[in-house]
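The values are calculated or read from the model by the stated rules, or taken from the named source; none is laboratory data. Values in this document were obtained by computation on a predicted structure and should not be read as measured data. Reconstructed Cβ throughout: ideal geometry from the backbone, glycine too, with neighbour counts over all protein chains shown.
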Amino acid sequence: MREKDCKIVQDLLPNYIEKLTNEETNKFVEKHLKTCKECKKIYDNMKKDLNVDNKTKEKKKVKFLKKYRNKLRVLEIIILIVVVAFLINTGRKMYIITDLNNKAQEYVNSTNYHRTSYSLDNGKYTKSEVFSLGDRKKIIITTMTEDGEKQVVTIFGTKIETVPDTPYAKTYPPVETYKENMYKVTDTEKTAMLDIEIEMSVDNQEAFWGIEDTKGLIMTAITSSISKATFNGKECYYVSGTPAILLNTSMYVNKDTGLEISTMASEYENPDGEKGRIAGTEYKYEFGTVNEDDFIEPDISEYTIVEQ
Ligand SMILES: [Zn+2]
């Protein structure tokens, strides 16, 4: 009988320790434990084991929480580093853009400059020269096709006015009206159009334009990438970005002048949704070298006059 009780009690012990047994069973077990040394011993051992077990469980739990908290902290630090790096980089670009823009203004406002550009696009080679002296401009555009057909157009123009409120007024160089004489020389003929009025927009080649406020500056800084580079041995910045903000998607900008010295070929869409293409171009600049001699027009008697 006693042995049978022992077996029952020992079976019940795990649940009893975990307090899962009912009151009647509890009384039965307690009564038995008081009288049976063997079961009491088993009970004590079991309780001890269970306590140890619970403690390690607790420890593991704490360890896990600590680990989890550490992971969260690492994640917070990573996010913080990324945010700080982003802010530092954006600030750096804002500084460079502002600096280049300020330097370029000196040249943009120059009333005496000579700019030469060379570009190659779809097999057509173009050399463009702009001579600017006060309100006057001489533009020479030489084009050569793959077949060797050459054409030289020379324009002598005097600025009449700046056209206000064109759709591009804010994003492109200003459109200006010129009174012009235009001379065209091809392999077969020489023609001239005299005293015509033409609207022109002569690009100033400043790397960043349309940055009128802090918002524009920040947006340009965020959406463009700027890195140090050299071009033909000149120290410059390599700038790439969205065509919505930069006219060209990528270009080399002279560090000392803020002017484009080379642009990559790129496609663009104007505000009317029309697609266009800009050739890869290299630029050279001279300041203060243009004089009256550059505005001596050719002998008109050699040309066929074309009416407008
Ligand atoms: Zn017993």
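Computed values, structure above
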{"read-out": "Any pair with Cβ under 9 angstrom, 6 or more apart, that starts in segment 103-114 at a residue that is of a type in the set (D, E, K, R) and ends at one that is loosely packed, with under 14 Cβ neighbours inside 10 Å", "value": "Lys103/Asp256"}
{"read-out": "Filtered residues of segment 115-151 (kept if touching a Lys or Arg at 6+ places or on another chain (Cβ under 9 Å) and not in a strand (DSSP E or B))", "value": "Asn122, Gly134, Asp135, Thr145, Glu146"}
{"read-out": "Matching entry among Asp203, Asp187 (being exposed (fewer than 14 other Cβ atoms within 10 Å of the Cβ) and modelled with pLDDT under 95)", "value": "Asp187"}
{"read-out": "Condition met for Thr230 (β-branched (Val, Ile, Thr), modelled with pLDDT of 80 or more and assigned to a loop (DSSP other than H, G, I, E, B))", "value": "no"}
{"read-out": "Qualifying positions in segment 14-44 - surrounded by 12 or more Cβ atoms within 10 Å (Cβ to Cβ), among the β-branched types (Val, Ile, Thr) and within 13 Å of the ligand (Cβ to nearest atom)", "value": "Val29, Ile42"}
{"read-out": "Every residue from segment 100-117 that is more than 29 Å from the chain's Cα centre (by Cα) and of a type outside the set (Ser, Thr, Tyr)", "value": "Asn112, His114"}
{"read-out": "Glu129 modelled with pLDDT of 95 or more, buried (at least 16 other Cβ atoms within 10 Å of the Cβ) and not polar (S, T, N, Q)", "value": "yes"}
{"read-out": "Residue list for segment 259-272, filter: within 18 Å of the chain's Cα centre (by Cα) and touching a residue at least 60 places away in the same chain (Cβ under 8 Å)", "value": "Ala265"}
{"read-out": "Qualifying positions in segment 143-181 - modelled with pLDDT under 95 and of a type in the set (A, V, I, L, M)", "value": "Met144, Ile160, Val163, Ala169, Val175"}
